[in-house]
Amino acid sequence: MSASKVLRVRVESERCQGHNRCCSLAPELFEADELGNALVKGDGTVSPALEAKARLALANCPEHAIRLSQE
Ligand code: F3S
């Protein structure tokens, strides 16, 4: 069986310090809550078109709070 895997992004809220680079770099995937910390939009599914942005956000979070997984 070769089910195609889905890339998903999430934020480890205990690590996030509200730097908001993720929201700037990938506004399609992240938004800020009322405290300025990041939330993932929707269920975190990353479309192929947004994969590069997701990886950029991951690489630029100073707190290493962003996780990508393939399920
Ligand atoms: Fe938080 Fe990192 Fe984004 S600290 S707001 S997940 S850049």
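Every number in this text was worked out from the coordinates using simple rules, so none of it is lab data. Keep in mind that what you see is a predicted model, and the values were worked out from it rather than measured. Because the Cβ atoms are built from the backbone with ideal geometry, glycine has one as well, and the counts that use them run over all protein chains shown.
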- Message: Helix 51-60 against the longest principal axis of the chain: what's the angle in degrees, Cα atoms only, rounded to the nearest 10?
- Response: 40
- Task: Give me the net charge of Val46's neighbourhood, meaning all other residues with Cβ under 13 Å from the Cβ of Val46; Lys, Arg count +1, Asp, Glu -1.
- Result: +3
- Once you charge only the Cβ atoms, +1 for Lys and Arg and -1 for Asp and Glu, what is the size of the charge dipole of segment 7-70 about its Cα centre, to the nearest 20 debye? 260
- Could you work out the local net charge near Glu63, counting Lys and Arg as +1, Asp and Glu as -1, over the other residues with Cβ closer than 13 Å to its Cβ? +1
- Message: Cβ neighbours within 10 Å, averaged per peptide: list 8-18, 32-42 in order, most packed at the top.
- Response: 8-18, 32-42
- Item | Computed label-point distance, nm, for sites Ala32 and Glu71 using a 7 Å Cα→Cβ extension | 2.8
- Task: Find which of Gly42, Cys16, Ala54 sits farthest along the positive direction of the dipole of the chain, computed with +1 on the beta-carbon of Lys and Arg, -1 on that of Asp and Glu, about the Cα centre.
- Result: Ala54
- Item | Local electrostatic count, Pro27, Cβ distance below 14 Å [Lys/Arg +1, Asp/Glu -1] | +1
